[in-house]
Amino acid sequence: MTDKDPSENETTGTSTTGTSTTGRTAGRAEGTGRRTPVLVVGAGPVGLAVACALWQRGVPARVVEAQADPHRGSRAVQLHPPTLRLFREVGILDEAERLGLRIRTTSYHLAGGRTLRVALGTENEPLMLPQQETSRLLEEALVRAGGRVERSVSVTSVAPGADGVTVKAEGPRGTEVIEADWLVAADGVRSTVRELLGIAFVGSPVATGFLLAEGRVDGAFERDAVHYFLGHKGSVVFAAMPGDRVRVSGAVPDDHPATPEGVQRLLDERGPGGITLEDLDMVGRFTSQERIAATLRAGRCFLVGDAAHTHSPLGGQGLNLGIQDAHNLAWKLAGVCAGTLRPGVLDSYEAERRGAAEQIVRTTHRFLKVFMLGPFAARVRNTVWSSLEATGVLRRWFVPLLAGWRVHYPGPLSPDAEGPARPVRRRGLPAPGRRAPHWVPQDRAAGPAGFLLVTTGDGAVARRGREWAERAPLPVDHAHVPRRAAGFLLVRPDGYVAASGATPAELTGAGHLLAQIVS
């Protein structure tokens with residue numbers, strides 16, 4: 001599934017209906033002259049997610065956006081389960097579920113008529129929701145928390161200092177100088193802040209162009225599935241969306257028309273057959289790039305989302321990668337702003353999120369190559385995929401990869417967390433830097449209040465864990481899961497494992513780890 005649409009920054013030669021926004025209205029500006037703890041530049045979903053998470057943790061982030069009106073169009077539509085965890089934390093998951101469409105299966109239709117139908121399982125099921133709805137829900141959550149978006153405010157200069165950032169911006173009230181302790185740049189793939197900071201965007205364009213269309217079709221198909229048609233003449237992705245709409249996308253040559261006739265031709269040549277286009281909400285061509293910023297942090301300035309990285313849209317990873325940037329950064333930044341965490345904890349953002357971006361760029365690059373094979377190589381691919389499905393590899397490995405569960409971090413939160421006190425991995429328990437397993441209680445796991453200690457085993461282990469949590473140097477919730485093997489997981493606020501082990505000494509080491517990041 002692709003997670004872009006032709007109204008985004010990288011679009012070329014688009015033809016759309018019903019997705020553009022016209023007219024400009026004056027946004028509001030603070031104009032108070034007061035220093036703000038965090039300035040978020042950009043009010044797309046990623047910037048809004050950062051701001052919501054900060055306000056939820058008591059940090060009044062200021063949000064400025066150059067556009068006069070909220071972005072329109074479906075854009076990134078596929079929200080993976082790790083992203084939905086943040087939605088749960090900020091209180092918008094129920095409404096997102098009501099408005100969206102759950103995808104239960106992924107179907108790979110191979111040339112020759114065979115279909116590999118892979119049931120995703122609850123832990124891997126994405127939610128299809130147009131990006132304009134995602135942004136609206138996040139902005140409403142921001143307002144409920146006490147914040148708001150200041151529109152028509154364009155950043156013109158950024159001057160990082162030793163103890164803050166000075167930003168000049170042009171808005172409805174003229175030029176304003178904004179003093180902030182920290183700045184988060186969430187202003188997209190053509191980030192003004194990134195350019196003003198002189199940070200290179202390293203990489204190259206993707207050579208292949210894509211056609212993408214949304215609208216209504218006539219014909220029978222499984223609505224709660226994403227369909228990948230892997231034919232000898234090329235590939236096409238076909239998926240249902242909320243509101244009785246579908247999204248169709250595929251890599252096409254430059255001369256393929258971005259018209260209703262061009263979409264129908266794509267469906268006829270590569271699709272299931274028997275699908276007739278009725279009307280289109282939009283159709284267009286777009287290009288993409290594979291780039292990662294040379295650094296994701298410059299002093300007190302951080303890059304998140306498309307300002308930090310961009311890649312091929314196949315697999316629907318882009319927005320999810322950006323939301324996880326927000327999830328990673330917000331709890332650390334909030335702790336530093338509150339004076340409960342040492343500033344050094346922010347050093348982990350670069351290593352962790354760069355590694356995540358590199359993993360996703362590699363994955364989407366390989367995914368694109370798989371879908372761009374010629375006729376002979378496509379036959380080989382289809383044979384290999386049939387074997388992967390027969391052995392269960394697609395379900396056990398590939399599905400969690402696309403769902404975002406296999407992104408992992410390189411090591412401990414603190415560079416000083418070394419030596420015998422550092423907890424080690426035990427059999428059956430994920431190592432530090434891995435995502436918490438699905439058996440960890442989701443309604444309490446790594447919520448906004450702080451860390452979560454999960455103990456397993458008998459009642460004695462539970463008592464020891466509860467006592468440890470009460471003495472911990474940071475707020476730590478405790479949950480016990482009665483599994484056979486005794487052990488513990490210390491889960492971070494963003495759902496990653498900070499420490500794991502099985503012995504009292506290793507549990508003591510987890511306390512030492514927390515002590516190293518406490519202010």
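The values are calculated or read from the model by the stated rules, or taken from the named source; none is laboratory data. Note that the coordinates shown come from a computational prediction; the quantities given were computed from them, not determined experimentally. FYI the Cβ positions are ideal-geometry reconstructions off the backbone, even for glycines, and counts take in every protein chain you see. The accessibility values were calculated without ligands, DNA or RNA, using every heavy atom of the protein model including side chains. Shrake-Rupley method; radii C 1.70, N 1.55, O 1.52, S 1.80 Å.
Over the chain, calculate the relative contact order: mean separation of alpha carbon pairs under 8 Å at least 6 apart, over the residue count, as a percent. Present the calculation step by step, with values, prior to reporting the outcome.
Details: 1178 pairs, mean separation 86.3, N = 519.
Relative CO of the chain lands at 17 percent.
If each of residue 119 and residue 384 carries a label point 7 Å out from its Cα toward its Cβ, how far apart are those two points in nm?
2.8
Can you grab the distance from the C-alpha centre of the stretch 170-214 to the C-alpha centre of the stretch 52-93, Å, no decimals?
17
Stick to the Cα atoms of the chain, pair each with every other, and give me the Kirkwood hydrodynamic radius in Å at one decimal.
24.0
Can you tell me the accessible area per residue over the chain, all protein chains present, probe 1.4 angstrom, in square angstrom?
With all protein chains present, the chain gives 39 Å² per residue.
Treating the beta-carbon of each Lys and Arg as +1 and of each Asp and Glu as -1, no other charges, what is the dipole magnitude of the chain about its Cα centre, to the nearest 20 debye?
Dipole size: approximately 1460 debye.
Residue-wise, which Karplus ³J(HN,Hα) couplings in Hz belong to the stretch 88-93, taking 6.51 cos²θ - 1.76 cosθ + 1.60, θ = phi - 60°, and x for glycine or proline?
Here the 3J(HN,Hα) series is 4, 5, 8, x, 10, 5 Hz.
Which of 460, 318, 92 sits farthest toward the positive end of the charge dipole of the chain, with +1 on the Cβ of Lys and Arg and -1 on the Cβ of Asp and Glu?
Projecting each Cα onto the dipole axis, the largest value belongs to 460.
Scan around residue 499 for amide H atoms under 5 Å from its own, H built in the peptide plane at 1.01 Å from N, and keep only partners 5 or more places away or cross-chain.
Correct list: 490.
Find the centroid of the Cα atoms in the stretch 392-412 and in the stretch 454-519, then give the distance between the two in whole Å.
The two parts, judged by their Cα centres, are 24 Å apart.
Based on Cβ point charges of +1 for Lys and Arg and -1 for Asp and Glu, what charge dipole magnitude is obtained for the stretch 244-288 about its Cα centre, in debye rounded to the nearest 20?
Magnitude of the dipole: close to 180 debye.
Sort 399-407, 362-370 by the packing proxy (mean of other Cβ within 10 Å over each peptide's residues), most packed first. All intermediate terms of the calculation are to be shown ahead of the outcome.
Numbers: 399-407: 20.1, 362-370: 17.3.
Answer by packing, highest mean first, reads 399-407, 362-370.
Kindly work out what percent of the DSSP beta bridges joining two residues of the chain are antiparallel, to the nearest 5. Present the calculation step by step, with values, prior to reporting the outcome.
Details: 73 of 100 bridges.
The antiparallel fraction comes to roughly 75 percent.
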